[in-house]
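So the structure is just underneath, and the comments pick up after that.
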Amino acid sequence: VGFWLFFLGISFFKENMDVMKEIFNLAQYKDMSLWIFWLIGMVVTAIVHSSGAVGVMTLAALSSGVIWFEASFAIILWANVWTTFSSLAASLSWNSAKRQIGMANFLFNLITVGIGIVFFKPYIWLTLEFFGYKSNPVMGNAMINFIFNLTTSLLFVPILKQFTRCITKIIPTKVEHYDLD
């Protein structure tokens with residue numbers, strides 16, 4: 001049922017994107033800086049509070065030709081940061097362990113997006129040219145996100161202990177006592 005709803009949502013967004021393309025086509029802004037699309041990813045995620053929903057909307061826009069491949073990757077990169085910022089903000093009113101998890105999630109995504117920005121063009125080349133998804137940008141979008149998540153996660157493995165120490169310095173662990181009255 002979940003997959004069915006997911007694909008139904010993509011179909012719904014695609015139909016609406018076809019209408020949107022006639023009214024407002026972002027492709028006319030192809031020469032603009034990708035920073036605009038990183039900003040779009042953050043703002044739309046802030047509005048809908050779901051990077052998954054932004055991903056579906058981005059795939060629909062890409063499929064309809066409203067945006068192009070590089071813009072879709074830029075939008076999804078920054079959608080990841082904003083959604084983790086929301087979880088960080090929500091965790092601040094909880095105990096230190098939950099605040100540490102929120103901070104770790106936010107910093108991990110912020111650092112990996114930094115890696116994505118630095119290696120933006122190589123990720124694009126790897127997906128479109130090396131793996132050959134130039135003729136199928138929607139599948140290419142899924143592939144670039146897989147490659148990005150895999151490589152950045154693997155890059156983090158060797159520094160997990162240092163990252164954990166950094167998080168506990170930012171938010172020290174506190175023993176918390178609760179009255180059961």
_How much accessible area per residue does region 90-181 have, counting only protein heavy atoms and a probe of 1.4 Å, in square angstrom?_
67 Å²
*What is the spin-label model distance, in nm, from L39 to Q162 if the labels are put 7 Å beyond Cα along the C-beta direction?*
3.4 nm
*Inter-label distance for S87 and F130, nm, one decimal - labels placed 7 Å from Cα along Cα-to-Cβ*: 2.8 nm
*asked:* I need the phi-derived Karplus couplings for region 95-109: 6.51 cos²θ - 1.76 cosθ + 1.60, θ = phi - 60°, integer Hz, Gly and Pro marked x.
replied: 6, 4, 5, 6, 5, 5, 5, x, 5, 4, 4, 5, 5, 4, 5
*In whole Hz, with x marking every Gly and Pro, tabulate ³J(HN,Hα) for region 165-174 from phi via Karplus 6.51 cos²θ - 1.76 cosθ + 1.60, θ = phi - 60°.*
4, 4, 5, 6, 6, 5, 10, x, 6, 10
*Of all the accessible heavy-atom surface of region 41-158, with the other protein chains kept in place and a 1.4 Å probe, what percent is carbon and sulfur?*
74 percent
*Binned Cα-Cα distance frequencies in region 57-171 - 10 Å width, integer %*: 14, 38, 29, 16, 4
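The values are calculated or read from the model by the stated rules, or taken from the named source; none is laboratory data. The shown structure was predicted, so the numbers you read here are calculated from the model rather than taken from an experiment. Positions of Cβ are generated from backbone atoms using ideal geometry, with glycine treated the same way; all protein chains shown enter the neighbour counts. Please note that ligands, DNA and RNA were not included when accessible areas were found on the heavy atoms of the full protein model with its side chains. Shrake-Rupley method; radii C 1.70, N 1.55, O 1.52, S 1.80 Å.
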